[in-house]
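Okay, structure first, notes after.
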Amino acid sequence: MSPELQSPPLAQPRAPGDVRTEEMLLNIGPQHPSTHGVFRVVVQTDGEIVLDSEPHIGYLHRCFEKIAESVDYLKVTPYTDRLDYLASMCNNLGYCLTVEKLMGLQIPRRATRLRMIVAELNRVASHLLAFGTYGMDSGAITPFLHAFRDREAILKLFEIICGQRLNYNYVRIGGLAEDAPPRWLDQVAAFVDFFEPKIDEYDALLSYNGIFIKRAANIGVLPAATAISWGCTGPVLRGSGVRRDIRKDEPYLEYDKVEFDVPIGRGEVGTLGDCWDRYMVRVREMREACKIVRQVLKDVPEGPVMAPEAKKVLRPPKGEVYYRIENPRGELGFYVVSDGKDKAVRIKCRSPAFCNLSVLREIAHGCMLADMIMIIGSIDFVMGEVDR
Amino acid sequence: MPPTAPPVNPANQNQDLLTKDTILLTTVEDFVNWCRRSSVWPLTFGLACCAIEMMAVGATKFDIDRFGSGPFRGTPRQADLMIVAGTVTHKMAPRVKRLYDQMAEPKYVIAMGACTIGGGPYWKYGYHVVKGVDLVIPVDVHVVGCPPRPEALLEGVFKIQDLMKREKLLDRLRTYHKRETYKGAGNAAMPAPGTPGR
Amino acid sequence: MTRAEAHAAILAKFPDAIVRDGREGKEAGDPYLVVKAERLHDVVKWMKEDPGMRFEVLQCLSGVDYGKDLASVYHLDSWTNKVTVCLRVELPREKPEVASITDLYGAADWHEREAYDLLGITYTGHPKLVRILCAEDWVGYPLRKDYVFPKEYHGIKNDL
């Protein structure tokens, strides 16, 4: 055999039984049912073993940052909705808090409390979708139907306060777009009562299902040091056992006044930092979110929901600011540079999914091809946010 | 003693069937169209925010299966209907075109949401956004909204079913004609087969 | 550790590498340090590895076009000391070049590619500096202030 026909020596993990196969390039995406959007990854395989993978992003690059510096500060908020369209409230919140910090705006207390409620409800809705689609990725259709049934209840609540099912544009610079209608808080309380027992149902249905554990445990192990170096945040980082949550470490709104736990991965059914741990952090966070909503509901004062200083045209003072909040997917940061005019010089969105996704190559190294889908699902990214 | 059915005279059997309305007379074309519109298979093709509403249409509350359009297929070769749900970017446009080309005739396209119809909120400053998927592939039904409600998408599917009802069995010119008109756009951006990295 | 203490420590260690400190005049927002482009890698390396500093996370890396100059802005986080520091490197528009920090932080990989893609800042030493968001044969750097929107791209009209 001539030297150029011989396959190069492999210093990589082998298939069981050391079966030598030819290396192959396999393209997954951008249109693939399990890539959660238009994500493409080129996988180099040896038989069924993934030797290398190269993510390609940008198929949904919608020019958020160019638009953000071309329109007024107020008009950027609807575009932040469309970054992480599963957690639009949290995106609005992150952007508004950043500009408010730059301007030194004081927000009425009712608005602050309502913001906490909508942010936590949106966290539940986002995790529900992650839960449902992750079940689908592993071959279970039923959890998806259950998750969407309960998610509809949250969307109904959002529809009552702002009229939209997705892309709410509810949190505005200086407060909220509108006050919550009467009895809305009662409906939220009723929802939490309805929803909390459902989480046990989910655990029984999927989390502790033997087949699911076989599929998710010990797969895609992400060590904490790698996660930190690659800038992972949110459930991806906490799944590796690092207790890091902006709501605890640098509290914004009134998160320092409520009691809640930060669930982390414990390696209960497999190795610490595997797909199951990341998945389980999300399920447990839904419980914590319910806990937070309950506490906030106890004290929602009456009053205005918009700061009187917030005008139609905002001109923040010259300067630059970086501020971040805990999104369902991790730390969402906004870096705003202002030169004192009505348009920003630069608005950079540090999206959590962008950093979380970049670690995929590290995790997927040496796994089986079928597990690739499980790993992609466990990172739970939204392409709107990755590509912006 | 249980009652027994009266004996059937074999000579009268066909006549009975006719009088009892158990045989329907129709044209082949109507029959085929009825079959076609009763099982519309959409392509699982989510691009952005609208894809979440498309998932909601397939899920519990809205349940597209009620209207004979259930199974979302993973491959374009098994799909009749492409729901372009979300913003089409310049990087994605050749892919959309290729997926459309891979679908079997007769094929239908729904443009779902403002971005797909004409760029939506990304119209003015979105340098990387295609200003409407019409520039790449022919569209049958436009569904407005940002994102459209699931009910709106269902209505779009009904409109597609209406189109299917009027389909002429021996006249495939409709789709071919559409394809001819759209030959130019998007083709130049098609990556050559096997090109890595594109 | 507060942000001011972190700044003081960096200034004491690298008096020659820092162009200026903090927000000048009456600017609002966060303070920052402006670092010379050729010394950036040393400063970040020391900040990451010094046991007193321990900036283990690259939180955010943004390219900025200030109109006159470009800049590469680094937000580094120390979770141990609970402090964030903002470093800024100002780069000439004609030849924006700065050393890559991908060898220190994995997160810098995609962030630097993004800044290259959108602003044309070259990060020397980056293992694979290619466009990440825009299509590979895209022309121009969209986030620059003098960017002209394309009239068409591969036969698809952009100005309707």
Point to revise | Amide H contacts under 5 Å for residue C:60, placed H, 5+ residues apart | key: C:75
Point to revise | In Å², nearest 10: area of residue B:41 left accessible to a 1.4 Å probe | key: 90 Å²
Review point. Taking accessible area as the heavy-atom solvent-accessible surface of the protein chains with a 1.4 Å probe, which residues of the range A:330-350 lose no less than 10 Å² upon going from the isolated chain to the full protein assembly?
Key: A:331, A:335, A:337, A:345, A:346, A:348, A:350
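When N is the residue count of the protein assembly as shown, what does its C-alpha Rg come to as a fraction of 2.2 N^0.38 Å?
1.02
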Point to revise | Å² of accessible area per residue within chain C, as computed with a 1.4 Å probe and no ligands counted | key: 41 Å²
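Within the range C:48-126, report the GluC sites (Glu not before Pro) that DSSP leaves as loop and that have at most 14 other Cβ atoms within 10 Å.
Details: sites: C:49, C:56, C:90, C:94, C:97, C:112, C:114; in loops: C:56, C:94.
Counting only loop positions with at most 14 other Cβ atoms within 10 Å, the GluC sites (Glu not before Pro) in the range C:48-126 are C:94.
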Review point. Could you give the accessible area per residue of the range A:64-363, probe 1.4 Å, as a whole number in Å²?
Key: 31 Å²
Practice item. Using +1 at the Cβ of each Lys and Arg and -1 at the Cβ of each Asp and Glu in the protein assembly as shown, identify which of A:304, A:240, C:9 lies farthest towards the dipole's positive end. Key: A:304
Revision key, fill the gap. Quick tally, 1.4 Å probe accessible area for C:75, B:142, C:41, sorted with the most first, runs B:142, C:41, C:75
Point to revise | Distance (nanometres) between label positions extended 7 Å along Cα→Cβ at residue C:36 and residue C:20 | key: 1.7 nm
**Study point:** Vicinal HN-Hα couplings computed from phi for the range A:233-246 (Karplus, 6.51 cos²θ - 1.76 cosθ + 1.60; Hz; Gly/Pro x)
**Key:** 9, x, x, 5, 6, 5, x, 8, x, 9, 8, 10, 8, 4
Point to revise | Whole-percent carbon and sulfur share, accessible surface of the range C:3-157, 1.4 Å | key: 52 percent
Practice item. Please report the relative contact order for the range C:3-157, taking Cα pairs under 8 Å with a sequence separation of at least 6, and give it as a percent rounded to a whole number. Key: 17 percent
Check your understanding: So if we plug the beta-carbon distance of residue C:151 and residue A:159 into 1/(1 + (r/R0)^6) with R0 = 45 Å, what FRET efficiency do we get, rounded to 0.05?
Key -> 0.65
Revision key, fill the gap. Given backbone amide H placed at 1.01 Å from N, residues whose amide H is under 5 Å from that of residue A:56, ignoring those fewer than 5 places away on the same chain, are A:40, A:41, A:42
Check your understanding: To the nearest 100 Å², how much accessible surface do chains C and B cover up together, summed over both, with a 1.4 Å probe?
Key -> 1500 Å²
Check your understanding: What total accessible surface area, summed over both chains, is buried at the interface between chains C and A, computed with a 1.4 Å probe and given in Å² to the nearest 100?
Key -> 3400 Å²
Exercise for review: Kindly sort A:100, A:302, C:5, A:201 by accessible area of their heavy atoms, largest first, with the probe set to 1.4 Å.
Suggested key: A:302, C:5, A:201, A:100
Review point. Ignoring any ligand, DNA or RNA, what whole percent of the accessible area of chain A comes from carbon and sulfur when the probe is 1.4 angstrom?
Key: 54 percent
Study note, to complete from the structure: To the nearest 10 degrees, the tilt of helix A:142-162 (Cα long axis) against the first principal axis of the alpha carbons of chain A is 20 degrees
Point to revise | Probe 1.4 Å, all protein chains present, accessible-area order of A:66, A:318, largest first | key: A:318, A:66
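How about the range A:112-217: which trypsin sites (Lys or Arg not before Pro) there lie in a loop by DSSP and see at most 13 other Cβ atoms within 10 Å?
Loop-located and lightly packed - A:183.
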**Study point:** For residue B:79, residues with placed amide H under 5 Å, excluding near neighbours
**Key:** B:104
Practice item. Determine the gain in length on full extension of the stretch residue A:294-residue A:25; use 0.36 nm per residue of separation and subtract their C-alpha separation, reporting nm with one decimal. Key: 91.8 nm
**Study point:** Backbone HN-Hα couplings from phi across the range B:30-38 [Karplus 6.51/-1.76/1.60, Hz, Gly and Pro as x]
**Key:** 4, 5, 5, 5, 4, 4, 5, 7, 8
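Please get the size of the charge dipole for the range A:64-363, origin at its Cα centre, with Cβ charges of +1 on Lys and Arg and -1 on Asp and Glu, quoted in debye to the nearest 20.
620 debye
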Check your understanding: Which ³J(HN,Hα) values in Hz, rounded to whole numbers, follow from the phi angles of the range A:189-199 under the Karplus curve 6.51 cos²θ - 1.76 cosθ + 1.60, where θ = phi - 60° and Gly and Pro get x?
Key -> 4, 5, 5, 4, 4, 6, 7, 4, x, 5, 5
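Based on Cβ point charges of +1 for Lys and Arg and -1 for Asp and Glu, what charge dipole magnitude is obtained for the protein assembly as shown about its Cα centre, in debye rounded to the nearest 20?
Here the size comes out at about 1440 debye.
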Point to revise | Qualifying aspartates and glutamates (Cα of each under 16 Å from Cα of residue A:214; at least 8 residues distant if same chain) | key: A:137, A:203, A:268, A:274, A:277, A:371
Revision key, fill the gap. Answer in debye to the nearest 20: the dipole magnitude of the range A:262-330 about its Cα centre, from +1 Lys/Arg and -1 Asp/Glu charges placed on Cβ, is 240 debye
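The values are calculated or read from the model by the stated rules, or taken from the named source; none is laboratory data. Bear in mind the structure is a predicted one, so any value in this text is a computation, not a measurement. Cβ coordinates were reconstructed from backbone atoms using ideal geometry, including for glycine residues, and neighbour counts include every protein chain displayed. Quick note on the areas: whole protein, heavy atoms, side chains included, nothing else; ligands and nucleic acids left out. Shrake-Rupley method; radii C 1.70, N 1.55, O 1.52, S 1.80 Å.
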